[in-house]
Amino acid sequence: MPPVTREEFDILAAQTGLPLSQAQKDTLFDVYPTLQKILTTAAAPMPREAEPSLIFYPEVR
Amino acid sequence: MDAFPTIASASKAIAAKKLSPVELTKASLARIKAHDSALHSFLLVTEERAMADAKAAEARVMAGSAKGPLDGIPIAHKDIYNTADIRTTAHSKLLEHNVPTADSMVVKKWDAAGTVMLGKLATHEFAMGGPSFDLPWPPARNPWNPDHFTAGSSSGTGAAVAAGFILGGTGSDTGGSIRGPAALCGIAGIKPTYGLCSRAGVLPLSFTMDHTGPMAWTVEDCAMLLQAMAGYDPEDPASADRPVPNFTADLAKGAKGLRIGVIRHFFEDDHPVSEATRKGIDAAMDVYRGLGAEVSDVTLSPMSEYHAVGSVILTSEAYAVHQPWLKTRFNDYGELFRDRIALGAFMSSADYVQAMRRRRMLCIEVRDAMADYDILVSASQPGEAPRIDSVPKWGNLEKPSLTMPFNVTGNPAMSVCTGYGEGGLPVCMQLIARPFAEPMLFRAGHAYETATGWRGKRPALVA
């Protein structure tokens, strides 16, 4: 994932709909690169047919 | 009777009418009164309820109609377990005055087993995000040294068991919240297989990662508590509809013939642990060899992959749970929980689905690796408990969690104390078994505990 600028991050933060203060946005912006790294690791290439571990049971209990 | 009996020893003494549940409960309440002002392990002590439970247990024992091995045993519940007519707060301002109308299934089961409920225990806010100093109650502190962290989120249970306030208690584990505090407080704690114990009536954090489980001084005590906790519950959609085995039946079988795989790269390369922790694990493997087990190393994917998958799933699901309150009562949360969960708002639906796809691949990897092993071994925590004021806010993301891999895969996993580090605080190892192979896990843990002397040392509390 490409790094985001502060301006780009502020747009993402506004899209969340959360009432973030400037200090809270600063904190989240600082950790955002770590989050991006985690998201990239979790979504590393895998076979197209790889199924998620969630299964839908039509017989609802 | 010992000053601090285990559940197993207290149970035998109660059955033989050599120990009174009422006297045992009074001693526990007196100890809480004398020492918990320094440890903050309880959010609420339910003294009246405890004495009523104890008197009822004693009457049953004297009448020869005891409910079983847990009748008269003092316990307490993590404060995310709903308790009818008793405040359940998740240690949060948001639920400061929440009084449920019904017990969670596990609370019902332990009550039916005759346990004596002493109260509700501290937790990290909503079972994630501590230690926090901006909540209505202070964080629990480590009985081995109150300046130090308990880990969490089942912080109160870890502290209260180690301090001898209760003989066992409930925990919950979404990324390590039973095994972490068990490790740092020097007790035993098991995250059972996903689906073995009901989550119904327990405040959710992450639906596919949450596990309920017991914590106690010994492995044997955990097995006894799990017996009264496990089983199918139609009210929990993830509950496994399968027979519950006898968790204590294999305890005496020892470790002879067990095949043990050490995931060494997890704790030496992926998240290097302290020398005391590593030496503790190595010494434990020598103990197992001496008992007749075969020990070798096993390699899995880097722990960062398990951690990434678990973090995305946990944060996404927790954000979904809390989204309404985050939008309307954002600043009523403590800073740590609020900021960690807010990251979920920056994740996409594709991020979540990709993590769930990767999760299945990791489950398959562990299943295949365990074809040659009965037990896997790793660390539970990187070392002794750090000072409570030195825990980094983003510690949950900076280094891969040693416990998260088995929330991702759902395997049963347990923390077992392996001794003490340079600071005199406990260190420990993590044992992992195949899904629903808890009897094997208890067998391995009990064999180690009874071959070593670590269970003989308790923290010296200061009033």
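Worth pointing out:
- Residues in the stretch B:142-168 reached by a label modelled at B:Met51 [backbone nitrogen below 19 Å; 7 Å Cα→Cβ]: B:166
- Taking a point 7 Å from the Cα of B:Asn246 along the Cα-to-Cβ direction, the residues of the stretch B:430-463 with backbone N closer than 18 Å to it are B:437-444, B:446-447.
- Peptide A:27-37 has a mean of 4 when you count, residue by residue, the C-beta atoms of other protein chains within 10 Å of its C-beta.
- Take the Cα of B:Ala38, step 7 Å toward its Cβ, do the same at B:Asn331, and the gap between the two points is 3.8 nm.
- The per residue volume of the convex hull around the alpha-carbon atoms of the protein assembly as shown is 141 Å³.
- Partner shielding of B:346-359 amounts to 6, given as the average count of beta-carbon atoms from other chains within 10 Å of each residue beta-carbon.
- Net charge over other residues, Cβ less than 10 angstrom from the Cβ of B:Gln430 (K, R count +1; D, E count -1): +2
- Cross-link pairs beyond the 23 Å C-alpha cut-off, checked among B:Lys78/B:Lys399; B:Lys55/B:Lys120; A:Lys25/B:Lys327; B:Lys93/B:Lys393: B:Lys78/B:Lys399
- Per-residue extension of 0.36 nm, minus the Cα-Cα distance of B:Thr452 and B:Asp147, leaves a gain of 107.0 nm for this segment.
- Sparsely packed loop sites in the stretch B:185-264 (the trypsin sites (Lys or Arg not before Pro) outside DSSP H, G, I, E and B with at most 11 other Cβ atoms within 10 Å) comprise B:Lys256.
- Average other protein chain Cβ within 10 Å of Cβ, residues A:9-16: 2
- Proxy reagent accessibility, fewest Cβ within 10 Å first, across B:Ile187, B:Ile178: B:Ile187, B:Ile178
- Among B:Asp236, B:Asp221, B:Asp368, B:Asp36, a tally of other beta-carbon atoms within 10 Å of each Cβ gives an order, fewest to most, of B:Asp368, B:Asp236, B:Asp36, B:Asp221.
- Within chain B, DSSP assigns beta bridges of which about 70% are antiparallel (rounded to the nearest 5).
- Within the shell of other residues whose beta carbon sits under 12 angstrom from the beta carbon of B:Thr315, the net charge comes to -2, with Lys and Arg scored +1 and Asp and Glu -1.
- Each other residue within a Cβ distance under 9 Å of B:Ala8 adds +1 if Lys or Arg and -1 if Asp or Glu, for a net charge of -1.
- When the GluC sites (Glu not before Pro) in chain A are filtered for DSSP coil states and for at most 13 other beta-carbon atoms within 10 Å of their beta-carbon, the remaining sites are A:Glu49, A:Glu59.
- Prolate/oblate/rounded call for chain B, Cα gyration tensor, a/c under 1.5 rounded: rounded
- Our analysis of chain A gives Rg over Rh at 1.17, with the two radii drawn from alpha carbon positions and Rh computed by the Kirkwood formula.
- Label-to-label distance, nm, for residues given as B:Glu96 and A:Ser21 (7 Å Cα→Cβ offset): 1.7
- Packing, as the average of other Cβ atoms within 10 Å across residues, places the peptides B:269-280, B:422-433 in the order B:422-433, B:269-280, highest first.
- Neighbour counts of C-beta atoms inside 10 Å place B:Tyr448, B:Tyr306, B:Tyr420 in the sequence B:Tyr420, B:Tyr448, B:Tyr306, starting with the fewest.
- For B:Ala15 and A:Ala44, the FRET efficiency from 1/(1 + (r/R0)^6), where r spans their Cβ atoms and R0 equals 51 Å, is about 0.40.
- Antiparallel beta bridges, as assigned by DSSP with both residues in the protein assembly as shown, represent about 70 percent of the total such bridges.
- Over chain B, dividing the summed -39,500 (n - 2.57) contributions of all DSSP H runs of at least 4 residues by the number of residues returns a 222 nm mean residue ellipticity of -11500 deg cm²/dmol.
- Residue-span extension gain [B:Asp134 to B:Glu275] - 0.36 nm each, minus C-alpha spacing: 47.4 nm
Values quoted throughout were computed directly from the atomic coordinates according to the rules given, and no laboratory measurement underlies them. All figures in this text were calculated on a predicted structure; none of them were measured in a lab. Counting neighbours? That spans all protein chains shown, and the Cβs are built from the backbone with ideal geometry, glycine included.
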